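Worksheet: the structure to be examined is printed underneath.
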């Protein structure tokens, strides 16, 4: 049985990804700070109490994994704040960098020894991290942190290629989650289905690509 570890697994896209991979017959490890009844009842193995920005928590995560190997890691945990010019909040922007950009990199580094041969690593980013696609401005911390995540994920794609590990950089779509007050145009379940297909299609030849969950290649 293949094993996937998913961060931010307690709700939204993360929870939908857990359910999607459970339905595909995978062993799912859902990682989160605080579990939810939906995650606890999903059938996933839950490792809670993990703040992805905390080095001690990441050490606890690797200890909990023991000697187990992972076929897939999905770095999904993220936060969105809304800053406007003239009302910039440095602490808010910094917090988004820590969670959205640095934490996925550190999670992946912490799990390197647990990655099976030919494993895959996926990063749930946003097209709002695209500089070429920015036509509306605003959202400074979120856009900047996702652009930084894209850059870090691309470096990982290069560094992990000799080990046979492919990396996906994936925009989930405009998804009906609490992050956007449920104003999206697709459900979390549909997004998770699309994302799993993009991950299925991932290989060393397209590693490091920036993809919309619908299969469209996105501009940097």
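The values are calculated or read from the model by the stated rules, or taken from the named source; none is laboratory data. What you see is a predicted model; the values in this text were computed from it and never measured. Heads up, the Cβs are rebuilt from the backbone with ideal geometry, glycines too, and the neighbour counts pull from every protein chain shown.
Suppose we filter region 188-211 for residues that are surrounded by fewer than 16 Cβ atoms within 10 Å (Cβ to Cβ) and within 18 Å of residue 127 (Cβ to Cβ); how many remain?
Residues that pass the stated criteria total 2.
Mind checking which residues of region 142-163 are surrounded by 15 or more Cβ atoms within 10 Å (Cβ to Cβ) and over 23 Å from residue 96 (Cβ atoms)?
Passing the criteria: only 160.
For residues in region 71-86 being surrounded by fewer than 20 Cβ atoms within 10 Å (Cβ to Cβ) and closer than 23 Å to residue 16 by Cα, which is modelled with the highest pLDDT?
Initially, region 71-86 is screened for residues surrounded by fewer than 20 Cβ atoms within 10 Å (Cβ to Cβ), giving 71, 79-86.
When the remaining residues are screened for being closer than 23 Å to residue 16 by Cα, the result is 71, 79-81.
Working: 71: 98, 79: 95, 80: 94, 81: 92.
Checked region 71-86; the qualifying residue modelled with the highest pLDDT is 71.
Considering (1) without any contact (Cβ under 8 Å) to a residue 24 or more places away in the chain; (2) exposed (fewer than 13 other Cβ atoms within 10 Å of the Cβ); (3) touching a helix residue (DSSP H, G or I) at 6+ places or on another chain (Cβ under 7 Å), say which one residue 67 fails and leave the rest.
In the conditions (1) without any contact (Cβ under 8 Å) to a residue 24 or more places away in the chain; (2) exposed (fewer than 13 other Cβ atoms within 10 Å of the Cβ); (3) touching a helix residue (DSSP H, G or I) at 6+ places or on another chain (Cβ under 7 Å), residue 67 misses (3) alone.
Are any residues in region 165-176 without any contact (Cβ under 8 Å) to a residue 60 or more places away in the chain and surrounded by 15 or more Cβ atoms within 10 Å (Cβ to Cβ), and if so, which ones? Walk me through it before giving the result.
Looking only at region 165-176, we keep the residues that are without any contact (Cβ under 8 Å) to a residue 60 or more places away in the chain, and these are 165-171, 173-174, 176.
165, 166, 167, 168, 169, 170, 171, 173, 176, listed by residue number.
Does region 88-96 include one or more residues that are assigned to a helix (DSSP H, G or I), free of Cβ contacts under 8 Å to residues at least 40 places away in the same chain and more than 24 Å from residue 58 (Cα to Cα)?
yes
I'd like the full set of residues that are in a loop (DSSP other than H, G, I, E, B), touching a residue at least 24 places away in the same chain (Cβ under 8 Å) and farther than 22 Å from residue 115 by Cα, limited to region 36-61.
36, 42
For (1) touching a residue at least 24 places away in the same chain (Cβ under 8 Å); (2) farther than 23 Å from residue 196 by Cβ; (3) in a helix (DSSP H, G or I), each residue gets a yes or a no:
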| site | (1), (2), (3) |
| --- | --- |
| 86 | no, yes, no |
| 104 | yes, no, yes |
| 107 | yes, no, yes |
| 148 | yes, yes, yes |
| 159 | no, yes, yes |
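Quick one: would you say residue 64 is farther than 21 Å from residue 189 by Cβ, part of a helix (DSSP H, G or I) and touching a strand residue (DSSP E or B) at 6+ places or on another chain (Cβ under 6 Å)? Outline the logic, then answer.
Details: farther than 21 Å from residue 189 by Cβ: yes; part of a helix (DSSP H, G or I): yes; touching a strand residue (DSSP E or B) at 6+ places or on another chain (Cβ under 6 Å): yes.
Here the answer is yes, as residue 64 does meet what is asked.
With the checklist (1) assigned to a loop (DSSP other than H, G, I, E, B); (2) at negative phi; (3) more than 19 Å from the chain's Cα centre (by Cα) in hand, flag the one item residue 33 doesn't pass.
Tallying (1) assigned to a loop (DSSP other than H, G, I, E, B); (2) at negative phi; (3) more than 19 Å from the chain's Cα centre (by Cα), residue 33 fails exactly one: (3).
Out of region 1-30, which residues are in contact with a strand residue (DSSP E or B) (Cβ under 6 Å, 6 or more places away or on another chain), in a loop (DSSP other than H, G, I, E, B) and modelled with pLDDT of 95 or more?
2, 9, 26
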